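The structure appears below as structure tokens.
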Amino acid sequence: MNSESVVRELAEPNLRRLLSTAGLDVEYVRASGNTLYRKGADGEEIPVLDYAAGYGSLIFGHNHPDIVARARELLDEQTPVLAQFSSHPYANRLAAELNRIIHRETGSDEPYYATFANSGAEGIEAAVKHAELDRVMRLSEVLEEIEASARRVRETVRAGTATVPDALWTRLGVPRPTAGQDVADLLIAEIGRRNELRRAKPPVFVALKAGFHGKLMGSVQLTHNESYRTPFAALGAQARFVPCDHPEALKEVLQEERGVLLEPVVQDGTVRLVERDHHTICAFLLEPIQGEGGIRPLSAEFAQEIKAFAEEADCPVVIDEIQSGLGRTGTFLGATRLSLRGDYYVFAKSLGGGIAKASVTLVREGRYRPEFELLHSSTFAKDSFSCHIALKVLDLLEADGGRGYRLAQERGAALAGMLHGIRTDFPDVVKEVRGHGLMLGFEFHDQSDAADDTLREAARSSMFGYVIAGHLLHGHAIRTFPTASAVHTLRFEPSVLLTDEEIDRLEHALRDVCALVRDQAGDRLVLAS
């Protein structure tokens with residue numbers, strides 16, 4: 001009865017069944033560098049070249065010896081993991097090091113304050129919550145100023161030193177008060193009612209079509225994929241999705257979300273209304289390279305349009321560096337090539353070195369609300385183990401004058417060159433190669449109308465990329481996956497340890513796949529050992 005073979009599947013059994021249809025339900029028992037070892041039918045270890053790399057989480061590969069050694073030291077030292085509500089100098093060192101690197105890449109010296117969590121989606125949730133707190137507090141400050149103006153107007157009208165012109169009542173759409181009515185009270189009440197209606201409008205977040213920011217209750221509403229988002233639409237934040245490289249869509253959102261708050265003032269003995277701009281836009285979220293949307297880089301030109309939009313709407317830009325950051329694109333920030341500085345940055349994935357579960361949300365000083373620190377917390381966040389592992393990751397990236405970044409650029413260029421070569425040789429099979437550094441996408445032409453039954457049905461059921469991944473696994477011992485919202489695009493996000501031999505292995509495998517698709521030979525697919 002203790003045999004695993006007779007234990008009922010209770011750990012996400014539907015997902016397991018789905019994986020089995022593409023031959024991806026294999027068990028991995030060991031990992032090192034760019035290699036995972038799966039368990040074969042006879043229990044033997046079978047090495048698999050890992051190009052998925054934890055969806056971009058392994059900038060230094062599986063179980064990097066320096067990171068493992070640091071983890072052992074921390075465990076041997078009995079470093080505290082659960083020591084909440086105390087001093088965490090190691091967390092401060094991590095925040096300071098992140099600031100140092102960001103300042104170097106952005107040319108800014110404004111400090112960023114850190115909030116810690118355990119995953120990228122939680123980091124996004126923290127950013128969203130903080131942005132809303134900031135919006136509410138800013139709005140409250142404006143309304144307090146308006147209320148102070150209203151009190152002054154009431155006093156002057158009642159004292160007879162200011163009059164309310166007929167045009168003002170007409171503008172408000174209410175009849176002029178009759179004899180015996182308190183003019184000042186009626187005026188201030190109507191202005192207050194209108195401002196309250198505006199204040200009560202829920203916040204709107206702006207994000208990009210094809211973007212992905214997580215699957216938690218708040219973050220999933222900022223993820224464009226409708227299959228993830230729609231079932232929970234009533235629970236989370238309201239989002240407006242705009243297509244990339246369409247600045248006119250930004251203008252439309254800005255216009256539609258624009259409104260005013262009314263402030264009464266006295267000018268030359270007459271009460272007048274001043275309109276104060278009020279947008280319901282809370283924040284703009286973006287990925288420098290859309291990971292799950294098909295490894296789609298944001299253009300520098302559109303990034304500048306976003307910057308202008310945020311300035312006009314007075315909303316922060318939240319840059320999701322969960323997948324593109326930590327050196328993966330050849331610079332610490334994926335946004336560096338865009339010349340776009342974030343008001344917020346969110347880091348995770350590679351920050352944990354493949355061992356720890358860690359994320360950090362950074363908020364620049366000009367937007368930061370210290371009150372947030374008592375309103376948001378997480379039991380396992382900001383612990384000694386994950387912070388020290390993250391510091392080790394930064395040490396490895398920065399060592400030898402930033403050798404980690406140079407490796408990402410060099411290895412990424414070699415990998416991209418190979419992928420482009422295949423596209424040149426198979427133009428009717430491969431649609432596009434995209435990305436930067438070690439974050440690359442390889443898109444096939446849509447096979448929904450393929451002559452081959454197997455390829456056609458795989459494409460129509462959104463399983464094409466998974467079927468190809470299953471073939472790569474069982475036919476070539478190479479592991480990767482399609483991107484979640486663009487299933488005709490395979491992702492390649494290996495570590496900086498990638499060798500020429502490993503690139504050659506992938507080339508051989510992809511040429512086999514492309515020939516199979518070109519020949520419409522679904523019978524050649526290998527989906528099981």
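Quick notes on this structure:
- Flag for T336 being under 26 Å from R411 (Cα atoms), under 23 Å from the mean Cα position of the chain (by Cα) and surrounded by fewer than 24 Cβ atoms within 10 Å (Cβ to Cβ): yes
- For L407: the one exception among (1) outside any helix (DSSP H, G or I); (2) over 21 Å from the mean Cα position of the chain (by Cα); (3) not basic (K, R): (1)
- Scanning region 100-113 for residues being open to solvent by less than 30 Å² (accessible area, probe 1.4 Å), outside any loop (DSSP other than H, G, I, E, B) and out of contact with any Asp or Glu (no Cβ under 9 Å at 6 or more places or on another chain) gives a total of 1.
- Residue match in region 155-164 (condition: farther than 23 Å from L139 by Cβ, open to solvent by 20 Å² or more (accessible area, probe 1.4 Å) and aliphatic (A, V, I, L, M)): yes
- Pairs where the first residue, in region 391-403, is closer than 16 Å to G61 by Cα and the second is in a helix (DSSP H, G or I) and open to solvent by 10 Å² or more (accessible area, probe 1.4 Å), C-beta under 7 Å, 6+ apart: K392/D66; K392/R70; L394/E97; L396/D66; L397/Y405
- Residue check, E301 more than 14 Å from L94 (Cβ to Cβ) and under 17 Å from the mean Cα position of the chain (by Cα): no
- Residue match in region 472-483 (condition: out of contact with any strand residue (DSSP E or B) (no Cβ under 8 Å at 6 or more places or on another chain) and open to solvent by less than 30 Å² (accessible area, probe 1.4 Å)): no
- Which listed residue is open to solvent by less than 10 Å² (accessible area, probe 1.4 Å) and in a strand (DSSP E or B), from I319, I306: I319
- If you go through region 348-381 and pick out every residue that is surrounded by fewer than 24 Cβ atoms within 10 Å (Cβ to Cβ) and closer than 16 Å to Y112 by Cα, you end up with 10.
The values are calculated or read from the model by the stated rules, or taken from the named source; none is laboratory data. Note that the structure is a prediction, hence the values are computed from the model and not measured. Virtual Cβ from ideal backbone geometry, glycine too; neighbours counted across all protein chains shown. All accessible areas refer to the heavy atoms of the entire protein, side chains included, with ligands and DNA or RNA removed. Shrake-Rupley method; radii C 1.70, N 1.55, O 1.52, S 1.80 Å.
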